[in-house]
1. Return one number: the angle in degrees, 0 to 90 and rounded to the nearest 10, between the long axis of the Cα atoms of helix 115-129 and the longest principal axis of the Cα atoms of the chain.
2. Return the aspartates and glutamates within reach of Lys293: Cα separation strictly under 12 angstrom, same-chain partners fewer than 8 residues apart disregarded; answer none if there are no such residues.
3. Testing the spin-label approximation: label points 7 Å from Cα along Cα→Cβ at Glu393 and Lys339. State their distance in nm.
4. Please give the helix 381-397 orientation as an angle from the longest Cα principal axis of the chain, in degrees from 0 to 90, rounded to the nearest 10.
5. For region 101-158, what is the relative contact order in percent, using Cα pairs closer than 8 Å and at least 6 residues apart in sequence?
6. Loop-only chymotrypsin sites (Phe, Trp or Tyr not before Pro) in region 1-64, please: DSSP not H, G, I, E or B, and at most 10 other Cβ atoms within 10 Å.
7. Determine the dipole magnitude for region 18-177: charges of +1 sit on the beta-carbon of Lys and Arg, -1 on that of Asp and Glu, nothing else is charged, the reference point is the Cα centre, and the result goes in debye to the nearest 20.
8. Given the options Asn351, Asn119, Asn90, which has the most mean-square fluctuation in a GNM of the chain, springs set between C-alpha atoms less than 10 angstrom apart?
Amino acid sequence: MDFEGFFKTELEHLKDNGNYRVFADLERHRGDFPKATRYDASGQISEVTVWCSNDYLGMGQHPDTLNAMKEALDRCGAGAGGTRNISGTNHYHVLLENELAELHGKQAALLLTSGYVANWAALSTLASKIPGCEVFSDTDNHASMIEGIRHSKVPKHLWKHNDVEDLDRKLSDADPSVPKLVAFESVYSMDGDICPLDEILDVCEKHNAMSYLDEVHAVGLYGPRGGGISEQEGLADRVTVIQGTLGKAFGVMGGYVAASENLVDFVRSFASGFIFSTALPPALAAGATASIKHLKSSDMERMRQRRNVRLLREKLDAIGLPHMDNDSHIVPVMVGDAKKCKFISDLLLENYGVYVQPINYPTVPKGTERLRITPSPMHTDADLDHLVNALSELWSQCALSRAVA
């Protein structure tokens, strides 16, 4: 087989369909988020404003985060030195796990190297190790959840996205004696919709099913202390497992699960994705702990972000640009064509100094291509006006439809 020819052909198909991913080469400015320096393929340098960062609150630039990381780096050095089991458990890891457990009102938490790994390791371990377990997964769950469930090789049942009645039917059809695990997210990253958590938990409890809640796009952002949708709704105590990330609103890197002491210890003891991975550097753990502590007591970042999200939606409505309605911080501006979506993204970057990554298939279904915009507390009113004016000009240039006022 001509392997190189195969690779090249498949990549050409992606490019022809507008689905080829191009990385923006950026250098973030400390203390000046969301500004960044962009390096293009020809070596040219330009200044851009980032509108699609998952550092939702700019905590990756916060002095508390940076000072904690510098102190830990000076005290402990660069790496952890091994897996958690073999010399790699640093005191900063322990402090962070205690902080995460307290944030979610759980007995314990376990730190992993990313949100993806946390989902993959925890779901695959729980589902495969609980005898006879069957998993009930929301159809819109993240790839990391899907991979974890797939790796477990247990029976999987898909229930319609956020459809509590369909979940109830699926659980009712199952053998009552079978252990059940229901996996779902609080805030879904591409549409920005929020799950009906209370109703889902009612159904889980009705059928004696474990609940596994991915709060990756909610921790830090919702609830009086940033504990996510489960804290905002006062329901964290009813959730069996809360999974989250340190790489989005907390601004650093890593993933975790929080649950009962026995469940966390079970995952710690059996999950290969945890056991055989080098631990996160102590400086990352220290920075995440400082970020979590800050957001537990400060609501300013959340309030400013919500104000900017509201203003962006109002400005988009005023010029008739279609955006998906939701109650979260994610603003999907709907293009509906892969090539035009990438074209708009490219021109925003080249001509307007605005960076918004195009979101195309397979991340979203064909025909729903979009620009996923995430306003931060640090975007100014001038930034908002510049973004909206640029989008309006490009919308006309691409002859895309507008909503009728």
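1. 30
2. Cross-link targets: Asp64, Glu99, Glu102.
3. Here the modelled spin labels are 2.4 nm apart.
4. So the inclination is approximately 70 degrees.
5. For region 101-158, the relative contact order is 37 percent.
6. Phe23
7. My answer is approximately 480 debye.
8. In the Gaussian network model the winner is Asn351.
Readers should treat all values here as calculations from the given coordinates under stated rules, not as data from a laboratory. Since the structure is predicted, the reported quantities are computational estimates derived from the model, not experimental observations. As a convention, Cβ positions derive from the backbone with ideal geometry for all residues, glycine included, and neighbour counts pool all protein chains shown.
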